[in-house]
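Enquirer: Mind having a look at this structure? Questions to follow.
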Amino acid sequence: MFIHLVCIKILEEEVYFPDELEDTDQGEFINNLLQVQRAKRIGKGQFGAKEVKEQAWLKDINWDDASSKRLKPPFIPVITATDDTSNFDDFDETWEPEKKVNQIDLNKFLTWPTESYEKLIEVQNI
């Protein structure tokens, strides 16, 4: 049920960028990726991936090197085992939210998407 809520929020809510991304190549690229209607989404048109590759934010990428795996990554983490988490920040695993959600509000949250499920299915078929 939670996934339906997430999908509906993605499809119905407007995306707001931090000030530093407004009117930038990065912001434009992300906005083009997040188009709700698939037909308007970047890379979905008649030029496909070429349209993505030609975005201003990606202009410095050598696509031949990328496809042949010759690009050097900007950072290569040192990993000592499959469960090595040393590249992640430490955080307090005992953290608890300051305010607990009461059962009435929790029930509203858990039952909310059921009324919008049909809308989600309708939008997916766009």
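The values are calculated or read from the model by the stated rules, or taken from the named source; none is laboratory data. All figures in this text were calculated on a predicted structure; none of them were measured in a lab. Backbone-built Cβ (ideal geometry, glycine too); neighbour counts: all protein chains shown.
Enquirer: Across the stretch 38-52, what is the total count of residues that are under 21 Å from Leu21 (Cβ atoms) and in a helix (DSSP H, G or I)?
Expert: Adding up the residues that qualify gives 3.
Enquirer: Can you name every residue in the stretch 5-43 that is within 22 Å of Lys59 (Cα to Cα) and modelled with pLDDT under 80?
Expert: Selection gives Phe17 alone.
Enquirer: When Asn87 is evaluated against the numbered criteria (1) at pLDDT 90 or above; (2) exposed (fewer than 10 other Cβ atoms within 10 Å of the Cβ); (3) more than 28 Å from Leu21 (Cβ to Cβ); (4) not hydroxyl-bearing (Ser, Thr, Tyr), which criterion, by number, is the only one it fails?
Expert: (3)
Enquirer: Quick one: would you say Leu106 is aliphatic (A, V, I, L, M) and modelled with pLDDT under 90?
Expert: yes
Enquirer: Taking the stated definitions as given, is Lys119 more than 30 Å from Asp23 (Cβ to Cβ) and either modelled with pLDDT of 90 or more or not in a helix (DSSP H, G or I) (or both)?
Expert: no
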